[in-house]
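Just below is one structure, and these are the notes that go with it.
The values are calculated or read from the model by the stated rules, or taken from the named source; none is laboratory data. Everything numeric in this text was worked out from a predicted model, so none of it was measured. As a convention, Cβ positions derive from the backbone with ideal geometry for all residues, glycine included, and neighbour counts pool all protein chains shown. For the accessible areas, the whole protein counts, side chains as well, though only heavy atoms, and no ligand, DNA or RNA atoms are used. Shrake-Rupley method; radii C 1.70, N 1.55, O 1.52, S 1.80 Å.
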Amino acid sequence: MHLKLNVYYPEGGMQILGDSARVEQGGAKVQVSGDPAKVITARADLSAPNLTYTEAAGVLRAEGGVRGSLRDLQHGQLDETPLGSGDGPLFVESENAFLERGNSFAFRDDVRAWRDDALLTADQLRGNPDLGELSASGKVRTVWSTPEEGGESTQGPIDVTADRLAYRRE
């Protein structure tokens, strides 16, 4: 099935919006394009020129310049990471992104992620907030402040560069 103009396609807890869509095999694969196409889920909003959802794998792929936000990062999920401090959503820009079943995510190629005054840049960023995991690779740079007791920071921001960053809450 090929849909054109003002496409709205609800699928598996997602709302996918775009200018055109191709639906294959009864919804097993949905490709949506737009200027930009958008997907809204309970945990994330993403926009990109091209979105592909594959039902069997439970993966949404965004391509061609992605902008998005990850919501509902509960207290404690990524607290000790450079992106764990602050309130509100985690904002991310990259060339490609993947939202996977559960709560895991991956952003690839020219990744820039920030939350409040914390920033992380890398070639790739992967995470699973439910498991308290976050990893970044390829020209990783992080800048963040650590709060002192009482919630105020008395030192300047921490600036770290590395080839790889890996965090596991456990």
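The residue that is modelled with the lowest pLDDT, among those in region 1-29 that are within 22 Å of Ala42 (Cα to Cα) and part of a loop (DSSP other than H, G, I, E, B), is Gly12. Taking the criterion of being surrounded by 15 or more Cβ atoms within 10 Å (Cβ to Cβ) and of a type outside the set (D, E, K, R), the residues of region 1-29 that qualify are Leu3, Val7, Tyr9, Met14, Ile16, Leu17, Gly18, Ser20, Ala21, Val23. Counting only residues that are touching a residue at least 40 places away in the same chain (Cβ under 8 Å) and of a type in the set (Gly, Ala, Ser), region 11-27 holds 1 of them. When every residue of region 56-73 is checked against the conditions, at least one turns out to be among the hydrophobic types (A, V, I, L, M, F, W, C), at pLDDT below 85 and either under 30 Å from Asp116 (Cβ atoms) or in a strand (DSSP E or B) (or both). For region 100-170, no strands (runs of 3 or more DSSP E) sit wholly inside it while including 2 or more residues that are modelled with pLDDT under 85, among the polar types (S, T, N, Q) and open to solvent by less than 80 Å² (accessible area, probe 1.4 Å).
Looking only at region 30-44, count every residue that is open to solvent by less than 30 Å² (accessible area, probe 1.4 Å) and modelled with pLDDT of 90 or more and tell me the total. The total comes to 4. Scanning region 45-68 for residues that are buried (at least 16 other Cβ atoms within 10 Å of the Cβ), in contact with an Asp or Glu (Cβ under 9 Å, 6 or more places away or on another chain) and either among the aromatic types (Phe, Trp, Tyr) or over 21 Å from Glu24 (Cα atoms) (or both) yields Tyr53, Gly65, Val66, Arg67, Gly68. Number of residues in region 90-99 that are over 18 Å from Gly12 (Cβ atoms) and open to solvent by less than 10 Å² (accessible area, probe 1.4 Å) equals 3.
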